[in-house]
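Below is a structure I'd like to ask you about.
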There are 2 protein chains.
Amino acid sequence: MNEPLYRKVIDKIVAQISTGELLPGSMLPSEMQIAAETGVSQGTARKSLMMLEQLGIVRREQGRGTFVTARTPESSLFNFFRLRQPDGQMIRPELVSQEVTERPALPLERETLDGAPMRVFEIRRVRSLRGTPSIFETTVVSTIRFSGLDQRAPLPNTLYVLYQQSYGCIILRADESISSVLANDDTSQALGVPPGMPLLCVDRVAFDIMGRQVERRRSLCRTDTMVYQVSLT
Amino acid sequence: MNEPLYRKVIDKIVAQISTGELLPGSMLPSEMQIAAETGVSQGTARKSLMMLEQLGIVRREQGRGTFVTARTPESSLFNFFRLRQPDGQMIRPELVSQEVTERPALPLERETLDGAPMRVFEIRRVRSLRGTPSIFETTVVSTIRFSGLDQRAPLPNTLYVLYQQSYGCIILRADESISSVLANDDTSQALGVPPGMPLLCVDRVAFDIMGRQVERRRSLCRTDTMVYQVSLT
DNA sequence: TATATGACATCTTATACAAGACTTATTCTA
DNA sequence: TAGAATAAGTCTTGTATAAGATGTCATATA
């Protein structure tokens, strides 16, 4: 029982969000209300809320309130889409084609995806940047957690908004492993580039608010006109 | 005068660090002392210190004190060296060769590097991972801010420790732009790989504690046995 | 329509006490 | 007496609470 009070308040709020009791975009109770409900002082409730803001789980605005982070197409792109023009300007990718298939989970997918699903949906998409097909993307999610996803075509440009709105799944973190590869036949055909062109291979695993791995994604990207940008601290 | 008190305290401490009045690794005055010196309460001093910790500028330890972040070879690699084994394990790069030359600054370098230097040092290094030459790295810094750098051979594996210890320059942030390229003749010779091999091209600009751009670096990396890993939030 | 007001939110600052880390003096033991 | 174990004291930061300032917005009022 050595856990500090503010931690218990954090856990309680996170639980409320993950069960859907608090919906993305909705306003949390005020500091005073949270304090009263949890039996702590307003200052302690505030400390909890500040840490939740720091974790990216809520957003606070003086005079207005505290709100559960909602994945909008904008925030989704800003946080998780790292391809930019060389001058740093954002690019908005457009969807060129997509297809959703169901198949058995590979051993790696079964081992790592939350719920150890036997079957998965595979979403293949080609996205273009400023008119040029530039990204060949393969996304894998559990058929259990995202049941009926294949019925929802056409899928939106930003899947994370769909995950949130239709499945209550809030993506908060993603780990990416990047390597340099040569375009193979499939990829060169999908993107319309010559085989052997150097591409960026971005392998992503995405985690929800509880830290569960809910998505695996591989993106093959042209980087002749844009670059993958990231800030290290 | 709408700036909150804790902000002023932060600015004062950052200034003291950047002038060398507070050295990396040294202990800051206690919360009580800072409060007395700056005319605020201990709680306000604490808020400032907590934000400085959050920014990575100081490290706090209960019962011991608050210390200025010191760049060690370990922290330097952990924070700024993103190449990892596919399983996520860290790799420690070894230095294979290096040469330092002085040359006129390119227009881009003169425009962006702090102090608009007319001349720069260019540091060319080949680094190997587990015995295999894997990174061909070209680093550019101002001859003004880092005067005499060319006399300091051999340079250490982690330059940021040298910047800090010999020039009082603390690197806190770096922006990287990543693209996929084919090895050209120079690079393939330096790394001992066939020309046309896909390589990761990592362009970095590094910033000091005051947000000044102090270094530009291009790294060409093999990614056949390791990957560039990063976490998005 | 423009302005003032009040309810209510977070933000800023202040204070008290708890807990961890060292130092130092004391006590016990060989 | 020398040396190790122990305990007290005093540093440090961590946690909890409270009061007043400030920002936001809806609504009443001129």
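Which of (1) buried (at least 17 other Cβ atoms within 10 Å of the Cβ); (2) within 14 Å of chain A (Cβ to nearest Cβ); (3) not hydrophobic (A, V, I, L, M, F, W, C) is the odd one out, the single condition residue B:87 does not satisfy?
(1)
Still on this structure, I have one more. Just one of (1) more than 16 Å from DNA strand C (Cβ to nearest atom); (2) farther than 30 Å from residue A:194 by Cα; (3) in a loop (DSSP other than H, G, I, E, B); (4) away from chain B (no Cβ under 14 Å) trips up residue A:71, so point out which.
Looking at each condition in turn, residue A:71 falls short on (4).
Quick one: count up the residues across the stretch A:62-109 that are more than 16 Å from residue A:161 (Cβ to Cβ) and among the β-branched types (Val, Ile, Thr).
Residues flagged as more than 16 Å from residue A:161 (Cβ to Cβ) and among the β-branched types (Val, Ile, Thr) within the stretch A:62-109 amount to 5.
Go through the stretch A:8-26 and count every residue that is within 11 Å of DNA strand D (Cβ to nearest atom) and either without any contact (Cβ under 8 Å) to a residue 40 or more places away in the chain or part of a strand (DSSP E or B) (or both).
Residues that pass the stated criteria total 2.
Looking at the stretch A:54-64, is at least one residue assigned to a helix (DSSP H, G or I), within 16 Å of DNA strand C (Cβ to nearest atom) and within 14 Å of chain B (Cβ to nearest Cβ)?
Yes, the conditions are met somewhere in the stretch A:54-64.
How many residues are assigned to a loop (DSSP other than H, G, I, E, B) and either in contact (Cβ under 8 Å) with a residue 12 or more places away in the chain or crowded, with 16+ Cβ neighbours inside 10 Å (or both) if we restrict to the stretch B:152-188?
Of the residues in the stretch B:152-188, 10 are assigned to a loop (DSSP other than H, G, I, E, B) and either in contact (Cβ under 8 Å) with a residue 12 or more places away in the chain or crowded, with 16+ Cβ neighbours inside 10 Å (or both).
I'd like to check something: does the stretch B:173-188 contain any residue that is more than 8 Å from every other protein chain (Cβ to nearest Cβ), in contact with a Leu (Cβ under 8 Å, 6 or more places away or on another chain) and of a type in the set (Lys, Arg)?
Taking every residue of the stretch B:173-188 in turn, none turns out to be more than 8 Å from every other protein chain (Cβ to nearest Cβ), in contact with a Leu (Cβ under 8 Å, 6 or more places away or on another chain) and of a type in the set (Lys, Arg).
Further question on the same structure: In the stretch A:138-148, what count of residues is obtained for those that are out of contact with any Leu (no Cβ under 8 Å at 6 or more places or on another chain) and closer than 26 Å to residue A:187 by Cβ?
2
Same structure, new question: Which is touching a Pro at 6+ places or on another chain (Cβ under 6 Å) and assigned by TED's automatic domain parsing to the domain that holds residue B:99, of B:183, B:153?
B:183
Can you confirm whether the stretch A:80-103 contains a residue that is closer than 30 Å to residue B:47 by Cβ and out of contact with any Cys (no Cβ under 6 Å at 6 or more places or on another chain)?
no
Considering the stretch B:27-82 alone, what residues qualify as being over 24 Å from residue B:169 (Cα atoms), more than 12 Å from DNA strand D (Cβ to nearest atom) and surrounded by 14 or more Cβ atoms within 10 Å (Cβ to Cβ)?
If the condition is that a residue be over 24 Å from residue B:169 (Cα atoms), more than 12 Å from DNA strand D (Cβ to nearest atom) and surrounded by 14 or more Cβ atoms within 10 Å (Cβ to Cβ), then B:38, B:40 are the ones that fit.
Which members of the stretch B:196-233 meet the condition of being outside any strand (DSSP E or B), more than 9 Å from every other protein chain (Cβ to nearest Cβ) and more than 25 Å from residue B:24 (Cβ to Cβ)?
Answer for the stretch B:196-233, where residues must be outside any strand (DSSP E or B), more than 9 Å from every other protein chain (Cβ to nearest Cβ) and more than 25 Å from residue B:24 (Cβ to Cβ): just B:225.
Looking only at the stretch B:11-53, count every residue that is among the aliphatic types (A, V, I, L, M) and either touching a Phe, Trp or Tyr at 6+ places or on another chain (Cβ under 6 Å) or within 10 Å of DNA strand C (Cβ to nearest atom) (or both) and tell me the total.
6
Residue by residue through the stretch A:92-151, note down the ones that are in a strand (DSSP E or B) and in contact with a Gly (Cβ under 9 Å, 6 or more places away or on another chain).
Once the filter is applied, which keeps residues that are in a strand (DSSP E or B) and in contact with a Gly (Cβ under 9 Å, 6 or more places away or on another chain), the stretch A:92-151 yields A:94, A:132, A:133, A:142.
The values are calculated or read from the model by the stated rules, or taken from the named source; none is laboratory data. This is a predicted model, so every value here is computed, not measured. Positions of Cβ are backbone-derived with ideal geometry, glycine not excepted, and every protein chain shown enters the neighbour counts.
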